[in-house]
2 protein chains.
Amino acid sequence: MTEIIEIAHPRVHACGRQPGENYCDNCKVRSLAVCAALGSEELPELDNIVHHTRAEAKTTFIHQGETAESVFSVTEGVVRLYKLLSDGRRQIIGFAMPGDFLGLALHNRYGFSADAVDPVGLCRFDRRDFDNLITAKPHFLRRLHEFATHELVIAQEQMTLIGRRSAEERVAAFLIAMRERWARIKGPSVTIQLPMQRIDMADYLGLTIETVSRTLTKLARDGIILIVPEAVRVLDEKKLAAIARA
Amino acid sequence: MTEIIEIAHPRVHACGRQPGENYCDNCKVRSLAVCAALGSEELPELDNIVHHTRAEAKTTFIHQGETAESVFSVTEGVVRLYKLLSDGRRQIIGFAMPGDFLGLALHNRYGFSADAVDPVGLCRFDRRDFDNLITAKPHFLRRLHEFATHELVIAQEQMTLIGRRSAEERVAAFLIAMRERWARIKGPSVTIQLPMQRIDMADYLGLTIETVSRTLTKLARDGIILIVPEAVRVLDEKKLAAIARA
DNA sequence: CACCTGATTTGATCCAGAACAAGGACGCGT
DNA sequence: ACGCGTCCTTGTTCTGGATCAAATCAGGTG
């Protein structure tokens with residue numbers, strides 16, 4: 001059922017270094033996200049229980065309702081998290097990008113599904129191991145709690161976006177949010193990468209694919225953005241921010 | 001600016017007992033919520049830093065954007081939490097009821113406002129004290145983290161409700177959710193107390209007051225509920241659940 | 001009681017965005 | 001190059017819920 005490809009955790013890294021030492025370039029890239037999220041002091045402990053894995057584009061690696069056996073951290077690529085209604089309606093509850101955790105809720109079952117938008121690199125932790133680590137290292141729990149409450153703040157903002165704002169406001173706010181997220185990962189840029197499809201944006205923003213498309217076209221027509229494949233270029237930062245502003 | 005009435009924390013309870021001993025009826029009622037949320041073992045520590053307060057109906061005791069100096073726990077009554085847009089549009093992000101915490105996010109500023117729907121009893125904790133307690137008692141942090149992730153799950157469900165479901169589904173789901181919450185607090189009942197106004201339900205569900213009113217009327221016309229002042233009575237549990245079901 | 005004020009319901013119209021429909025545009029395999 | 005499938009855009013129509021407008025109702029209060 002699971003389409004993810006497990007990569008045996010290298011007890012000794014390809015570069016010859018032991019876990020806990022400075023990482024080789026390849027491993028550093030993979031662990032960067034976790035590192036950034038947790039602070040380097042936890043890395044050695046994490047290193048003992050992490051399993052590096054990948055998920056190819058479009059594969060589902062968390063299934064809503066299934067027993068939550070793993071906690072994930074994204075190191076590369078973009079993941080969409082979503083809830084499905086029985087009749088097929090879908091709500092994307094978030095996009096996870098490098099540095100983000102999935103499955104933080106210490107519940108028995110996953111409350112959402114997750115799949116890879118593009119090829120994704122993941123750190124997988126066994127639930128049990130993760131739980132032990134949390135219990136042993138309160139500092140770690142604290143970080144996790146901060147992360148969870150931040151997620152909560154985001155979720156509350158998204159509620160406001162979906163519940164009370166127009167299609168144009170939603171799209172503009174989404175673009176700006178994506179821009180800021182990429183900026184934290186790879187530095188500022190006027191080009192906003194949008195690896196997900198229109199339908200994903202629609203299901204995230206509580207709109208239809210047609211409305212998303214039309215709204216982007218309108219923003220482009222107004223000279224605010226330029227639509228390019230897999231991305232948009234911001235032409236008029238001020239105007240875009242003005243539309244998105246609460 | 002703050003309209004809440006601070007009640008000096010009784011070093012010796014009215015009944016003559018010391019803090020940490022079993023509580024007198026009055027105090028027990030007040031502390032019940034915290035107790036239920038955290039487990040009785042933390043009570044003694046909490047007791048040293050808690051300030052019992054009240055907020056009269058309609059008063060605001062958390063202001064979005066202000067420095068977060070307190071953490072609250074509701075012991076009595078209902079609180080609405082909301083975000084305001086600059087043009088006055090409002091999204092209610094949740095209702096807090098006895099046993100619920102407010103201001104968990106360990107952020108500098110409140111991300112929402114909160115006011116009392118009806119007369120509310122609160123336990124207020126100084127941010128600094130609360131923080132110290134968390135640091136000293138990992139078990140306590142763990143409880144809090146569980147609470148926060150549960151909130152996150154609720155928020156994600158609410159996103160789905162607002163983003164992808166019809167007015168009738170939203171109202172039905174709201175009624176069932178309120179029923180379950182009251183059931184945990186005061187036991188099961190076919191009467192669902194709704195102390196908040198129609199406009200609060202509307203702002204919670206991403207609808208207008210008229211749509212909420214019409215939808216309730218329709219449910220009543222269909223013999224599913226009976227509308228009574230400040231509440232609704234459930235007449236056809238099956239049908240209501242069928243509408244609310246995802 | 002008569003009056004006022006705020007909440008709720010009900011009615012009539014409107015409109016943003018959904019739904020339906022039809023082309024493009026692009027990539028991929030043959 | 002051609003056909004095919006997927007995604008995206010654009011055009012048209014439709015509708016659920018918003019908006020505008022009045023009643024109705026429920027508490028106060030003098």
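So the values come out like this:
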{"read-out": "Potential lengthening between B:E230 and B:N108 on full extension [0.36 nm per residue; Cα-Cα distance subtracted]", "value": "40.3 nm"}
{"read-out": "Gained length - A:S86 relative to A:I209, 0.36 nm times residue gap less alpha-carbon distance", "value": "42.3 nm"}
{"read-out": "Cβ-defined net charge surrounding B:Y82, 14 Å radius [Lys, Arg +1; Asp, Glu -1]", "value": "+2"}
{"read-out": "Sparsely packed GluC sites (Glu not before Pro) within region A:53-124, loop by DSSP, other Cβ within 10 Å at most 16", "value": "A:E56, A:E66, A:E69"}
{"read-out": "Region A:142-237 shape via C-alpha gyration tensor axes, a/c threshold 1.5", "value": "oblate"}
{"read-out": "7 Å along Cα→Cβ, label-point gaps from A:H107 to other copies, nm, shortest first", "value": "2.2"}
{"read-out": "Interchain or long-range residues, amide H under 5 Å from A:A231's placed H", "value": "A:L194"}
{"read-out": "Proximal charge balance of B:A202 [Cβ under 13 Å; K/R count +1, D/E count -1]", "value": "+4"}
{"read-out": "For residues of B:84-92, the mean tally of beta carbons on other chains within 10 Å", "value": "4"}
{"read-out": "Inter-site label distance for B:H63 and A:A246 at 7 Å from Cα along Cβ, in nm", "value": "1.6"}
{"read-out": "Proximal charge balance of A:I154 [Cβ under 12 Å; K/R count +1, D/E count -1]", "value": "-3"}
{"read-out": "Two-site label geometry, A:H150 and A:A136: point separation in nm, points 7 Å out along Cα→Cβ", "value": "2.5"}
{"read-out": "Karplus (6.51, -1.76, 1.60) ³J(HN,Hα), θ = phi - 60°, over region B:131-137, in Hz, Gly and Pro reported as x", "value": "4, 4, 4, 4, 5, 6, 10"}
{"read-out": "Cα→Cβ-extended label distance, 7 Å offset, between B:T191 and A:I185, nm", "value": "5.3"}
{"read-out": "Using a 7 Å Cα-to-Cβ projection, A:R127 label spacings across copies, nm, ascending", "value": "3.6"}
{"read-out": "Position A:A246, label points 7 Å along Cα→Cβ, spacing to each other copy in nm (shortest first, one decimal)", "value": "2.6"}
{"read-out": "For region A:43-81 and region B:50-106, distance of Cα centres in Å", "value": "35"}
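Values quoted throughout were computed directly from the atomic coordinates according to the rules given, and no laboratory measurement underlies them. These numbers come from a predicted model, not from an experiment. Reconstructed Cβ throughout: ideal geometry from the backbone, glycine too, with neighbour counts over all protein chains shown.
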